[in-house]
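See below for the structure under consideration.
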Amino acid sequence: MYKLLKTEGRAKRGEFHTVHGVIQTPVFMNVGTLAAIKGAVSSMDLKEIKCQVELSNTYHLHVRPGDEVVKKLGGLHKFMVWDRPILTDSGGFQVFSLTSLRKIKEEGVYFSSHLDGRKIFMGPEESMQIQSNLASTIAMAFDECIPNPAEKDYVRNSVERTTRWLIRCKNKIDELNLREDTINKNQMLFGINQGGVYEDIRIEHAKTISELDLDGYAVGGLAVGETHEEMYRILDEVVPYLPQNKPTYLMGVGTPANILEAVERGIDFFDCVLPARNGRHGNVYTNQGKLNLFNAKYELDDKPIAHDCSCPVCKTYSRAYIRHLFKAKEMLAMRLCVLHNLYFFNNMMEEIRESLDKGEFSSYKKMRLQGFKENP
């Protein structure tokens, strides 16, 4: 159940009540594709760095170790020792990124595993079954992630099929939640709005899926090649047609600036691999912009990554030490930078929520965007 606590313009401050705890929104979900954050970050670490929701990947866990294995071990929460909410994406994005290995039909998608080439079929029912076996808190509907650019006729036909698939997902999850052997009988379902960069198709699709009264709604198929301006334009047009009394999730976005812009447009949920990926390559976030710790100017820099950061890394280690670890190819370098970056994002979301509570989001956003332009 979603409780809207406050609004400032279109920006929303809410609480999402789930079987695995209450999620304070807006929220950034920390991406643990294979039930682990890349960079040697544990479930215990996630709690220390203010993570509310962990996100895992349906396709990848289906391929390895297998969703049936996870079910036999008590579900994803027990498997990875995490007692807070988990969202599993449907596998759609990964399946559709395997362009040369897949074939789309009305019943679903036939494709080859990226690991060993074995043939796999995934449709709405299969995706729901896998996610039910994983026993995540929130399951995502199976959709087609449309490439950009794409012809309008193709996009329209694809979106119509995605709607038919969504209805099949809803029917299947309702059935699975009633089964005796289902681990999480309160699994929620989020639908996904698609339509490329075509406003009319997006709006029509938003209206159609809103009638299904799902637990939440995502805006998918953005951050796949269009400009930031195009993404913001689509959000401006589409979000007003999604239910305000349900959480809205912008999939796969973003940078700190993207998040601030999207919160202003009414988005509640975010996820992105960027903080962890950047961290693994020595790029770290600060309130004044990004640093590359491989840069020679940090060789004798005994300051923390960010002087105004309270993460466990900044409380303890210097830029010079972390740079040394990278140059020496020590795994600890990646771990420390991923921890810092995820804390930076989680902490920024906490600050966003506080600014909304006080009715000061607009000035907070302006201050943060200005700060990112400075040179640390």
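Each value in this text was obtained by applying a stated rule to the coordinates, not by laboratory testing. All values reported here derive from a predicted model rather than from experimental measurement. So basically every Cβ, Gly included, is an ideal-geometry build from the backbone, and we count neighbours across all protein chains shown.
Filter 50/246; 12/365; 50/358; 246/290; 6/365 down to the pairs with a C-alpha to C-alpha distance above 25 Å, please.
246/290
Taking 0.36 nm per residue of separation and subtracting the Cα-Cα distance, what length does fully extending residue 185 through residue 10 add?
Computed gain between residue 185 and residue 10 is 59.7 nm.
Taking the Cα centre as origin and putting +1 on Lys and Arg beta-carbons and -1 on Asp and Glu beta-carbons, what dipole magnitude results for the range 156-303, to the nearest 20 debye?
My answer is approximately 380 debye.
Report the Cα centroid-to-centroid distance between the range 355-375 and the range 261-306 in angstrom, as an integer.
Each part reduced to its Cα centre gives a spacing of 17 Å.
Arranged by the count of other C-beta atoms within 10 angstrom, fewest first, what order do 285, 110, 364, 298 take?
Ranking 285, 110, 364, 298 by Cβ neighbours within 10 Å, fewest first, gives 110, 364, 298, 285.
Dipole of the chain (Lys/Arg Cβ +1, Asp/Glu Cβ -1, origin at the Cα centre): which of 242, 62, 266 lies farthest to the positive side?
Towards the positive end, the residue furthest out is 62.
If you place +1 on the Cβ of every Lys and Arg, -1 on the Cβ of every Asp and Glu, and leave all else neutral, what size is the dipole of the chain about its Cα centre, to the nearest 20 Debye?
Here the size comes out at about 960 debye.
With the dipole of the chain worked out from charges on the C-beta (+1 for Lys and Arg, -1 for Asp and Glu) around the Cα centre, which of 324, 11, 146 lies farthest toward the positive end?
So the residue we want is 324.
Roughly what would the spin-label model give for residue 73 and residue 296, points 7 Å off Cα along C-beta, in nm?
Spacing of the two 7 Å Cα→Cβ label points: 4.6 nm.
On a 0 to 90 degree scale, rounded to 10, what angle separates helix 331-357 from the longest Cα axis of the chain?
80 degrees
If I take R0 = 41 Å and measure r between the Cβ atoms of residue 161 and residue 358 in this structure, what FRET efficiency does the formula 1/(1 + (r/R0)^6) give, to the nearest 0.05?
Efficiency at R0 = 41 Å is approximately 0.40.
Give the aspartates and glutamates whose C-alpha is closer than 15 Å to that of residue 105, dropping any in the same chain fewer than 8 places away, or say none.
Correct list for residue 105: 125, 126, 143, 144, 160.
Could you name the aspartates and glutamates in cross-link range of residue 3, using Cα to Cα under 16 Å and dropping any fewer than eight places away on the same chain?
Partners found: 15, 213, 215, 268, 357.
Let me spell out the model: positive unit charges on the Cβ of Lys and Arg, negative unit charges on the Cβ of Asp and Glu, origin at the Cα centre of the range 220-375. What dipole size does that give, in debye rounded to 20?
For the range 220-375, the charge dipole is close to 660 debye.
Under 17 Å between alpha carbons, and skipping anything fewer than 8 positions from residue 47 in its own chain: which lysines qualify?
Here the lysines satisfying the reach criterion relative to residue 47 are 38, 78, 315.
Which of 310, 113 comes first, and how do the rest follow, when ranked by fewest Cβ neighbours within 10 Å?
310, 113
Among 53, 311, 92, pick out the residue whose Cα is farthest towards the positive end of the charge dipole of the chain, where Lys and Arg carry +1 and Asp and Glu carry -1 on C-beta, about the Cα centre.
311
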